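Comments concern the structure below.
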Amino acid sequence: MASKGRRPYHLVIFGASGFTGQYVVEEVARTVSEGPGGNLKWAVAGRSKQKLEKVLEQAAGALSKPELRTEVDIIVADVQEPDSLAAMCKQAVIVLSCVGPYRFYGEPVVKACVENGAHCIDISGEPQFLESMQLNYNNQAADKGVYVIGSCGFDSIPADLGVIYTRDQFKGTLTAVESFLNFNAGSEGASIHDGTWQSAVYGFADSQKLQSLRRKFNHKPLPTAGSKLKRRGALFFSNEIQQYSVPFMGSDPSVVKRSQRFLAEEYQSTPVQYGAYVGVGGLGSVIKLIFAGMMFWLLVKFSFGRSLLTKYPEFFSFGAVSKAGPTRKQMEASSFQLALYGEGYTEDQDPSKGKPNAKIRTLVQGPEAGYVATPITMVQSALTILNESPALPQKGGVYSPGAAFAKTTLIDRLNKHGVQFSVV
């Protein structure tokens, strides 16, 4: 395991001058007192020294911390230059990788971390990247005592830890959870940054490859307890959240399944079946969504279509995506709510007999998902590794957040930082 003593930095933020990276910088600056012994040594890294200086300047102004201009070290490193990545990783206990789309830029960082003994955390919502890292680096990471923990942002900490929280709060054996996600925008409206859109475009284009990747794991099917969870339709009216809903196309189902598999194999927990949905609103929103969705599916299959989608994101997303990303005002007024509906068996019931006889409802809620909640969940994940290493899995490896943090106090930490878990 990476020794805290020998390395100059607890955390290095790689890709710190990217759109999300700049907000991760601010979040780290806010939480320095939560580092080991009340102190956190950190640095920023990326391709351009000038851009990194500008990000520190901006953070100094936003947080009224002028010392950030002079006290935070800058490391120049580039995914195209493996030697520069190796030099960066040798200096860090943990690298926070903020370079998306991860399918293009993520692997060199994971490789350099594993080879040079640094733990790695990312905020990818790309199942193909996450699962191929597990396939290709898990054994090597285990040998080196390195933890590589993907999807530590809004994808997929609320869902993954939300399922674990629901299981822990349930008195008995929890067997199934369905989650319903709701985004709330303020009067300024909401916006998604172009980088997130690009990840989605390339992710959907490659969805066939994901199936063949999964076959390489040779996983046995997970045993199911209780009634088999039925999949809902492609579009349905949800009585739970009283609006039209669609299946959630992000990484949550894939990440939750990986965590449930690990917890079942490692701790003999009963695996929880999981379905993820997102609310899309009333009929007007549904019509818009169907139209945009059809256009997206049609174009994403061809390279010409993909270049159109990535070149004109605002047009093809009906203004939901912009190259500039959301403004600070938009972020301040936005929030998310993830409602989890669980069912299972009370302590006196046998899960192998009869139908589930108990229900639970929990809520994970927080600020704007992509660029406020994501830096919070990422930084708290890193602080959990630094402060609670005995509670992590016994050996290193490539883990999902639920697998890595199930025995830690990460949920309590998030509750204190505005990403809140509660029983309703």
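The values are calculated or read from the model by the stated rules, or taken from the named source; none is laboratory data. It should be emphasised that the depicted structure is a prediction, and the values quoted were computed from it without experimental measurement. Glycine also receives a Cβ, built like all others from the backbone with ideal geometry; neighbour counts cover every protein chain displayed. We work out accessible area using only protein heavy atoms, side chains counted, and drop any ligands, DNA or RNA first. Shrake-Rupley method; radii C 1.70, N 1.55, O 1.52, S 1.80 Å.
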Subject >> Computed over the stretch 302-424: relative contact order in percent, which uses C-alpha pairs under 8 Å that are six or more apart >> reply: 24 percent
**OP:** Could you pull the Cα extents of the stretch 157-366 along its three principal axes, largest to smallest, in whole Å?
**Re:** 57, 42, 29
**OP:** Can you grab the distance from the C-alpha centre of the stretch 297-375 to the C-alpha centre of the stretch 133-177, Å, no decimals?
**Re:** 17 Å
Original post:
Counting only heavy atoms of protein chains, what accessible area per residue, in Å², does the stretch 149-279 have with a probe of 1.4 Å?
Top reply: 47 Å²
Subject >> Candidates per trypsin sites (Lys or Arg not before Pro) in the stretch 213-295, loop by DSSP, up to 11 other Cβ within 10 Å >> reply: K216, K228, K230, R231
Subject >> Candidate lysines - alpha carbon under 27 Å from K329, same-chain residues fewer than 8 apart omitted >> reply: K51, K54, K65, K288, K311, K416
**OP:** Name the most mobile residue of E26, E265, E388, meaning the one with the largest mean-square fluctuation, in a Gaussian network model of the chain with Cα contacts below 10 Å.
**Re:** E265
**OP:** Using every pair of alpha-carbon atoms in the stretch 80-228, split the distances into 5 Å bins beginning at 0 and state the percent of pairs per bin, rounded to integers.
**Re:** 2, 8, 14, 16, 18, 17, 13, 8, 4, 1, 0
Subject >> Probe 1.4 Å, accessible area per residue of the stretch 281-377, Å² >> reply: 55 Å²
Original post:
Mean separation of Cα pairs under 8 Å and 6+ residues apart, divided by the residue count of the chain: what relative contact order is that in percent?
Top reply: 21 percent
Original post:
Going by a ≥ b ≥ c, the root eigenvalues of the Cα gyration tensor, does the stretch 1-64 fall in the rounded group (a/c under 1.5), the prolate group (a/b larger than b/c) or the oblate group?
Top reply: oblate
**OP:** Classify the stretch 325-424 as rounded, prolate or oblate, taking a ≥ b ≥ c as the square roots of the eigenvalues of its Cα gyration tensor: rounded when a/c is under 1.5, otherwise prolate if a/b is larger than b/c and oblate if not.
**Re:** oblate
Original post:
Given a 1.4 Å probe and every protein chain left where it sits, what share in percent of the accessible area of the stretch 157-366 is carbon and sulfur?
Top reply: 56 percent
Subject >> Expected 222 nm ellipticity per residue - DSSP helices of 4 or more, -39500 (n - 2.57), all of the chain, to 500 >> reply: -13000 deg cm²/dmol
**OP:** Starting from the stretch 308-366, pick out the chymotrypsin sites (Phe, Trp or Tyr not before Pro) whose DSSP state is loop and whose Cβ has at most 14 other Cβ atoms within 10 Å.
**Re:** F318
Original post:
What is the distance in Å between the Cα centres of the stretch 193-243 and the stretch 104-126?
Top reply: 23 Å
Subject >> Peptides 242-250, 10-18 ordered by average Cβ neighbours within 10 Å, highest first >> reply: 10-18, 242-250
